[in-house]
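Each value in this text was obtained by applying a stated rule to the coordinates, not by laboratory testing. Keep in mind that what you see is a predicted model, and the values were worked out from it rather than measured. Neighbour counts are summed over all protein chains in view; Cβ atoms, including those assigned to glycine, are modelled from backbone coordinates with ideal geometry.
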Amino acid sequence: MTEEYRFYGDLADWWPLISPPGEYADEAALAATALESASVPVRDVLELGSGGGHNAVHLKHRFALTLVDLSPRMLEVSRRLNPECEHVEGDMRELRLDRMFDAVFVHDAVDYMLTEGDLGRTVSTAFAHCRPGGAAVFLPDHTAETFEESTEHGGADADDGRGARFLGWTWDPDPDDTWVRTEYVLLLREQDGSTETVHETHRTGIFSRDVWHRLLSGAGFEPMVLTRSDGPDDAPRDLFIAHRPA
């Protein structure tokens, strides 16, 4: 997965300009509220698929974070932003740290689970690290019930003259399988004004609420789903909150 996508490999240093940390504030606040729904006080939090640490920028003021990602280059980006957090290179499908946390958070990195088997292994990882009475929060970009074809764009400039802009176009080539496709086009500007254009295709998983509930319950969690929309023109998005019985 890390080797397949340049976003998380040789282009990782551009991540703070492609997807600026400030844009994560609202979702991080939502995640914090959901994490604190645990029946135990929440201090120690494990984030699986933490990427460049842009959620951590906002969450580290409320929690002691352990950040796990498969990409060593994204972890380096995160270490620069969040030097006070523990960083671990690992696969969310296989990770075992032999310790538990008050809560576990999995943001949109869970989208790269393309099969029920991989999603189930990720759920099992979350359960293995969630102490009794704790909570796990999953925030995928899409479920089968909420998916709509969409486009997105963004990017930012750095003080040193570098800049990045992107366009993303997501659709479902085959509604009968468990993944959707996003075409990304990046335009990257160096300090000297030279530019590079990058095109990359990503595949991300899409599962029904029933699948999510079955996998979460099967792991031992007590799951619930919250459906929200950021604005009147935005597609709804599902947030899964899974409590581990005390």
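Taken over the chain, the alpha-carbon convex hull comes to 118 cubic angstrom per residue.
Working ranking of peptides 74-82, 99-107 by packing, defined as the average number of other Cβ atoms within 10 Å per residue, highest first, is 99-107, 74-82. Where only DSSP H runs of four or more residues are counted, the chain gives -6000 deg cm²/dmol as its mean residue ellipticity at 222 nm, each run worth -39500 (n - 2.57). Taking 0.36 nm per residue of separation and subtracting the Cα-Cα distance, full extension of the segment from Arg99 to Arg80 would add 4.3 nm. Taking amide hydrogens as placed 1.01 Å from N in the peptide plane, the amide H of Glu86 sits under 5 Å from those of Leu65, Leu67, each at least 5 positions away in sequence or on another chain. Entry note, the chain: relative contact order of 18 percent, from Cα contacts under 8 Å with a spacing of 6+ residues. When each of the peptides 145-155, 86-96, 47-57, 12-22 is scored by the mean number of other C-beta atoms lying within 10 Å of its residues, the order from highest to lowest reads 47-57, 12-22, 86-96, 145-155. Annotation for Glu116 and Ser37: the two label points, set 7 Å from Cα along the Cα-Cβ direction, are 2.4 nm apart. Remark: relative contact order (region 152-204) = 31 percent; criterion is Cα-Cα distance under 8 angstrom and separation of 6 or more residues. Kirkwood analysis of region 152-204, using all unique Cα-Cα pairs, places the hydrodynamic radius at 12.5 Å. Placing unit charges on the Cβ atoms only, positive for Lys and Arg and negative for Asp and Glu, gives region 152-204 a dipole magnitude near 80 debye about its Cα centre. Contact order, relative form, for region 2-99: 27 percent (alpha carbon pairs under 8 Å, 6 or more residues apart, mean separation divided by residue count). Taken about its Cα centre, the chain carries a charge dipole of roughly 1020 debye when the Cβ of each Lys and Arg holds +1 and the Cβ of each Asp and Glu holds -1.
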